[in-house]
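First the structure, in the form of structure tokens, and then the observations on it.
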Amino acid sequence: MQRRILGGTGISVSDHALGAMMFGAWANSDHNDAVRIIHRALDGGINFIDTADIYSGGESEVIVGKALKGRREDVVLATKARESMSEEPNHSGGSRRWITREIEASLRRLDTDYVDLYQIHRPDPDTDIDETLGVLSDLVRAGKVRAVGSSMFPAEQIVEAQWVSDRRGHVRFRSEQPQYSILARGAEAAVLPTAQKYGMGVLTWGPLAAGWLSGRYTKASDIDLADGRRALERQKFDPSLPENARKLAAVGELAELAAQSGLSLPHLATAFVRSHPAVTSVITGPRTYEQLEDLLAGADTVLSGDVLDRIDEIVRPGTDLNRADGYYEPPALAEKALRRR
């Protein structure tokens, strides 16, 4: 497991991070099993864990807190806030009111007195970024947070945040957490270069593209639209849609390339993300112990230039094969009223 420095902070992190979204009611509700997975990740060389308040309504943070008892000082711990924690409108967002409250809730659940990286989970169009950066700066000065970052911020909002920090004397975002995989390469166009320009660390998520690059889908009949997230997010999986048909075709070509290279498809997919010079750490969220073992087995895989060139031929750089795969849409696109007089 290699180490890299997180966005000029001096904090050394493994180039693979353990994502904790699958721990809790959303996926693996067996706390003992989840703790065992976390301990194996730490023993395998991963020192970076990423979670969020919203994951299983805070249960993920509780599990991570249990797992880190006696090991906290050796772990770089990241969590996030901004998403809605209840139906109450003020229980979300980037306001001082909410962030001040929610960091305390996260610290209680994590059973720690500080987090190493506190991230704003999505842009908040209702809150001035000056307000958000102001409260984050206070949390850093209070010692409750060591560094701050953004997640799923478009390039222009990354620039705005850096500019506001400089002008207003706030701490600045030291990292960005974008979605990035072979099938969702949109971040390459502007987000990754912008993060590099400002010396930010990049913590990517979704290297297996919601399972598309896990090797489980080889033909349309493998996709059961009546089960799990495939039923909830049909637009991302339905093979009858042209966008998903393109994904399935690309997966077939990538699986062939992986076999020719002596690799499994998941190892090829994860190594691709690690190969980008902007990427600091790849977040992978295993649900089972076996999935973690497979991650560790391919952790040091390096792709040759010829393999990377072939990937570029299969999926053009900067291309998202299905725009619906994104988990953030700017309000200007999502809200009709902002596009019409």
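The values are calculated or read from the model by the stated rules, or taken from the named source; none is laboratory data. Everything quoted here is computed from the prediction, not taken from an experiment. Backbone-built Cβ (ideal geometry, glycine too); neighbour counts: all protein chains shown. Accessible surface is based on the protein model in full, side chains and every heavy atom, while ligands, DNA and RNA are left aside. Shrake-Rupley method; radii C 1.70, N 1.55, O 1.52, S 1.80 Å.
If the condition is being open to solvent by 10 Å² or more (accessible area, probe 1.4 Å) and aromatic (Phe, Trp, Tyr), then the range 18-54 contributes only Trp26. Going through the range 286-341 one residue at a time, which ones are aromatic (Phe, Trp, Tyr) and part of a loop (DSSP other than H, G, I, E, B)? Hits for the range 286-341 are Tyr327, Tyr328.
When we screen Glu243, Glu256 for residues that are more than 17 Å from Gly298 (Cβ to Cβ) and touching a residue at least 24 places away in the same chain (Cβ under 8 Å), the only hit is Glu243.
Checking each residue in the range 127-141 for being open to solvent by 10 Å² or more (accessible area, probe 1.4 Å), farther than 13 Å from Asp116 by Cα and of a type in the set (A, V, I, L, M, F, W, C) picks out only Ile129. A single member of Glu88, Glu83 is open to solvent by 20 Å² or more (accessible area, probe 1.4 Å), more than 30 Å from Trp163 (Cβ to Cβ), part of a loop (DSSP other than H, G, I, E, B) and of a type in the set (Asp, Glu), and it is Glu88. From the list Glu160, Glu176, Glu156, the lone residue that is surrounded by 14 or more Cβ atoms within 10 Å (Cβ to Cβ), in a helix (DSSP H, G or I) and acidic (Asp, Glu) is Glu160. Selection of the range 66-80 for residues being open to solvent by 10 Å² or more (accessible area, probe 1.4 Å), out of contact with any helix residue (DSSP H, G or I) (no Cβ under 7 Å at 6 or more places or on another chain) and charged (D, E, K, R) yields Lys69, Arg72, Glu73, Asp74.
Taking the criterion of being out of contact with any Phe, Trp or Tyr (no Cβ under 6 Å at 6 or more places or on another chain), open to solvent by 30 Å² or more (accessible area, probe 1.4 Å) and assigned to a helix (DSSP H, G or I), the residues of the range 225-247 that qualify are Gly228, Arg229, Ala231, Leu232, Arg234, Gln235, Pro242, Glu243, Ala245, Arg246. If you check Ala299, Ala259 for being open to solvent by less than 10 Å² (accessible area, probe 1.4 Å) and of a type in the set (Gly, Ala, Ser), only one passes: Ala299. When the residues of the range 96-115 are filtered to those that are part of a helix (DSSP H, G or I) and open to solvent by 90 Å² or more (accessible area, probe 1.4 Å), the one that is nearest to Val76 (Cα to Cα) is Arg108. Close contacts from the range 19-45, counting a first residue that is farther than 10 Å from Arg287 by Cα and a second that is small (Gly, Ala, Ser) and not in a helix (DSSP H, G or I), with Cβ to Cβ under 7 Å and a gap of 6+ residues or different chains, come to Gly45/Ser14. Evaluate the following for Arg339: is it surrounded by 12 or more Cβ atoms within 10 Å (Cβ to Cβ) and not β-branched (Val, Ile, Thr)? Spelling it out, it is not the case that Arg339 is surrounded by 12 or more Cβ atoms within 10 Å (Cβ to Cβ) and not β-branched (Val, Ile, Thr). Filtered by the rule that a residue be in a helix (DSSP H, G or I) and free of Cβ contacts under 8 Å to residues at least 24 places away in the same chain, the range 60-80 gives a lone residue, Glu73.
Residues in the range 1-12 that are touching a residue at least 12 places away in the same chain (Cβ under 8 Å) and either exposed (fewer than 14 other Cβ atoms within 10 Å of the Cβ) or out of contact with any Lys or Arg (no Cβ under 6 Å at 6 or more places or on another chain) (or both): Met1, Gln2, Arg3, Arg4, Ile5, Leu6, Gly8, Ile11, Ser12.
Considering the range 192-220, and only residues there that are surrounded by 24 or more Cβ atoms within 10 Å (Cβ to Cβ) and of a type in the set (Val, Ile, Thr), the residue that is farthest from Gly326 (Cα to Cα) turns out to be Val202.
Restricting attention to the range 179-215, report how many residues are under 20 Å from Ile49 (Cα atoms), assigned to a helix (DSSP H, G or I) and modelled with pLDDT of 95 or more. Of the residues in the range 179-215, 1 are under 20 Å from Ile49 (Cα atoms), assigned to a helix (DSSP H, G or I) and modelled with pLDDT of 95 or more.
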